[in-house]
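Novice: Just dropping this structure here.
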Amino acid sequence: MLDYKHAIDFHGHEGPFLALGYKIGEYARKKLKPSGIMDLRALIFLKKIEKPYTCVLDGIQCSTTCTLGKGNIEVREGDGWRVEIEGKNGKVIFVIKEETIEYFLSRDDLERTAEEVRENPLERWVFLQDFSN
Ligand SMILES: [Zn+2]
């Protein structure tokens, strides 16, 4: 996995969607304790598969090692904003709140908003369903 600084380098810029994706992946790793790079699988539903929403995907890739190249991350269009991460030790589901999306879109300072994402508990931004063992 990449640390957050390298995730910014990988993605090319910092922003709240990247920061949130990274934080979601970090949480999933902590709960699911993957033993190898293929242990986790991520399935992501987005209402719109376009920027800036898709920036969340790079955050998830960097913090989980679920990557497009390895095929253990999948993105689908859906009627909500949902991330499901699954491994040998169970599954965690993150539903990104509509108010989170609206808040991110209303902010001009991407770096400052990314900082807020990192400073606040994940539950401020998403509804969590934890099915980890
Ligand atoms: Zn971005």
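Novice: Please find, within the stretch 1-14, the residue that is farthest from Val92 (Cα to Cα) out of those that are free of Cβ contacts under 8 Å to residues at least 40 places away in the same chain and in a helix (DSSP H, G or I).
Specialist: That would be Asp9.
Novice: Please specify each residue of the stretch 27-62 satisfying the condition of being in contact (Cβ under 8 Å) with a residue 60 or more places away in the chain and either closer than 17 Å to Leu128 by Cα or more than 15 Å from the ligand (Cβ to nearest atom) (or both).
Specialist: Tyr27, Ala28, Lys31, Leu32
Novice: Here's something else I'd like to know. Is there a residue being of a type in the set (Gly, Ala, Ser), within 18 Å of Lys30 (Cβ to Cβ) and crowded, with 16+ Cβ neighbours inside 10 Å anywhere in the stretch 108-118? Give the steps one after another, and end with the answer.
Specialist: Initially, the stretch 108-118 is screened for residues of a type in the set (Gly, Ala, Ser), giving 114.
When the remaining residues are screened for being within 18 Å of Lys30 (Cβ to Cβ), the result is none.
For the stretch 108-118, residues of a type in the set (Gly, Ala, Ser), within 18 Å of Lys30 (Cβ to Cβ) and crowded, with 16+ Cβ neighbours inside 10 Å: absent.
Novice: When you go through (1) acidic (Asp, Glu); (2) under 17 Å from Lys31 (Cα atoms); (3) crowded, with 19+ Cβ neighbours inside 10 Å one by one for Asp58, which number turns out not to apply?
Specialist: (2)
Novice: Kindly indicate whether Ile8 is out of contact with any Pro (no Cβ under 6 Å at 6 or more places or on another chain), within 15 Å of the ligand (Cβ to nearest atom) and either among the β-branched types (Val, Ile, Thr) or at pLDDT below 95 (or both).
Specialist: Yes, satisfied.
Novice: Select, from Lys97, Lys23, the only residue that is within 15 Å of the ligand (Cβ to nearest atom), under 14 Å from the mean Cα position of the chain (by Cα) and under 17 Å from Asp130 (Cβ atoms). Walk me through it before giving the result.
Specialist: Numbers: Lys97 fails: within 15 Å of the ligand (Cβ to nearest atom).
From the options Lys97, Lys23, the qualifying one is Lys23.
Novice: Does the stretch 61-83 hold any residues that are closer than 12 Å to Val126 by Cβ and crowded, with 16+ Cβ neighbours inside 10 Å, and which are they?
Specialist: Once the filter is applied, which keeps residues that are closer than 12 Å to Val126 by Cβ and crowded, with 16+ Cβ neighbours inside 10 Å, the stretch 61-83 yields Trp81, Arg82, Val83.
Novice: Among the residues of the stretch 80-133, which ones are of a type in the set (A, V, I, L, M) and out of contact with any Lys or Arg (no Cβ under 9 Å at 6 or more places or on another chain)? Before you say what the answer is, go through the steps one by one.
Specialist: So in the stretch 80-133, the residues of a type in the set (A, V, I, L, M) come out as 83, 85, 92-93, 95-96, 101, 105, 110, 114, 117, 122, 126, 128.
Selection gives Val83, Leu105, Leu110, Ala114, Leu128.
Novice: Now, a different point. Return the total of residues in the stretch 15-60 being in contact with a Lys or Arg (Cβ under 7 Å, 6 or more places away or on another chain), of a type in the set (A, V, I, L, M, F, W, C) and in a helix (DSSP H, G or I).
Specialist: 1
The values are calculated or read from the model by the stated rules, or taken from the named source; none is laboratory data. As the structure is a prediction and not an experimental result, all values here were calculated from the model. Heads up, the Cβs are rebuilt from the backbone with ideal geometry, glycines too, and the neighbour counts pull from every protein chain shown.
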